[in-house]
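The values are calculated or read from the model by the stated rules, or taken from the named source; none is laboratory data. All of these numbers come straight from a predicted model, not from anything done at the bench. Cβ: placed from backbone, ideal geometry, glycine included. Neighbour counts: every protein chain shown. With ligands, DNA and RNA removed, areas are computed over all heavy atoms of the protein, side chains included. Shrake-Rupley method; radii C 1.70, N 1.55, O 1.52, S 1.80 Å.
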Amino acid sequence: MDFARSRVAIGMVALASLWLLGWPVGPAVTTSFAQDAGATIWTVPEIGALPDDANGRLVRRGRDLITATYAHIGPEVADPANRFAGNNLACGNCHLQAGTKKFGIPLFGLFGKFPHYNARLGAEMTIEERLDACMTRSMNGRALPAGGPEMQALVAYIKFLSTGVAPGQLLPGMGTGNMPELDRAADPARGAASYASTCVACHGPNGAGIRRSLPTTDLGYMMPPLWGSDSFNDGAGMARLITAANFLHFNMPHGVDYLNPQLSPEQSWDIAAYVLSQPRPHKAGLDKDFPDLLEKPVDAPYGPYADGFSEQQHKYGPFAPIRAAIAKLKAEKAGGPSPAPR
């Protein structure tokens, strides 16, 4: 009897710990103590519980497009009309665990946030436009037809992953995390040494990753390429140091999560700098991004800039001086121009 009570006590402690972390503990779970506090635990919905109807099939199709993009709309699929992606990556290479992993650029909870203002576009952005930004940047391809079956499926999947999220609710684990920044520039040379000891077994000495099959098929990668012609282009979000470094810290090597990072912040910044120093496809028209240059992220690796700092510092940091300069420029702008002398 004492042993059974101990097991129950241990289970309750574990459950309470998961709740405090905001971690999913089961489908639609509301524990008794959460009920007493008037709180409900949101969990990632279970796709396997969807019925086999039109909506269920559409959502599952969206999930498949995330996890095996290359097999459905990649550059080597049989029908040229369906070759929307320009590389053999999967959306799930960045949106880990089909968009459900905390700090693995999750897709849950996003549906209700669109449309919203997007600084890169300089205008309101719909969820369809956001997906096309991924297609033309991370996937180095072309936009999907607005009302086409692929777009409908992706939107349906993201909407499904937002099931039960209240308007304005901010779920824990969004984005890539926020580790401390360096007070120096990230160093590609140091990153090369850490890459060789930590990353090369999966991604290769030339960053080419590991294909699942011969390059003549469309079975994608076991481990994705980090640079080169089959990787994301220089306009992708992952081409920005802050995004890449945090993603590495909280998710790499493969299997790591935010509760147990293995790379130090310093290693993560330097490895990201090394990866981003390597060649990758170029996206035309990047100079049109961020019409208001004061809204441009400090780590945008391409100009023009409003702050006078070099592209090198924007690419590798340190970023604190750039932030200070931008804050000063914004304050001057808010104060209005000085009257012209008469």
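Couple of notes before you dig in:
- Helix 241-251 vs. the chain, principal-axis angle (Cα, 0 to 90°, nearest 10): 20 degrees
- Taking every alpha-carbon pair within segment 191-275, the share separated by more than 15 Å comes to 59 percent.
- Site pair A327 and L219 shows an inter-label distance of 5.3 nm when each label is modelled 7 Å from Cα along Cα→Cβ.
- Compactness relative to 2.2 N^0.38 Å, alpha carbon Rg of segment 50-196: 1.17
- Between T126 and D257, the simple label model (points 7 Å from Cα in the Cβ direction) yields a spacing of 3.5 nm.
- Per residue value of the accessible surface for the chain (all protein chains in place, 1.4 Å probe), Å²: 50 Å²
- Gyration tensor (alpha-carbon) shape descriptor, segment 161-218, a/c threshold 1.5: oblate
- For segment 42-86 and segment 181-252, distance of Cα centres in Å: 24 Å
- Rounded if a/c under 1.5, otherwise prolate or oblate - segment 89-141, Cα gyration tensor axes: oblate
- Between I66, H249, N93, the Cα set farthest toward the positive side of the dipole of the chain (charges on each charged residue's Cβ, about the Cα centre) is that of H249.
- Residues N82 and D287, FRET efficiency given R0 of 35 Å [Cβ-Cβ distance, rounded to 0.05]: 0.65
- Dimensionless Rg/Rh of segment 201-342 - Kirkwood Rh, Rg from C-alpha atoms: 1.09
- Remark: the chain carries a charge dipole of roughly 180 debye about the Cα centre, counting +1 on each Lys and Arg Cβ and -1 on each Asp and Glu Cβ.
- When the trypsin sites (Lys or Arg not before Pro) in segment 123-221 are filtered for DSSP coil states and for at most 15 other beta-carbon atoms within 10 Å of their beta-carbon, the remaining sites are R142, R184, R212.
- For the chain, the tally of Lys pairs with Cα-Cα distances below 23 Å comes to 18, considering only residues 8 or more apart or on different chains.
- Considering only I41, I158, I66, the Gaussian network model of the chain with Cα springs below 10 Å gives its largest mean-square fluctuation to I41.
- Stretchable slack from L50 to D183, in nm (0.36 nm times residue separation minus alpha-carbon distance): 43.0 nm
- For segment 253-332, with all protein chains in place and a probe radius of 1.4 Å, 55% of the accessible heavy-atom surface sits on carbon or sulfur.
- Computing volume of the Cα convex hull per residue in Å³ directly from the structure and comparing it against (1) 138; (2) 198; (3) 127 singles out (2).
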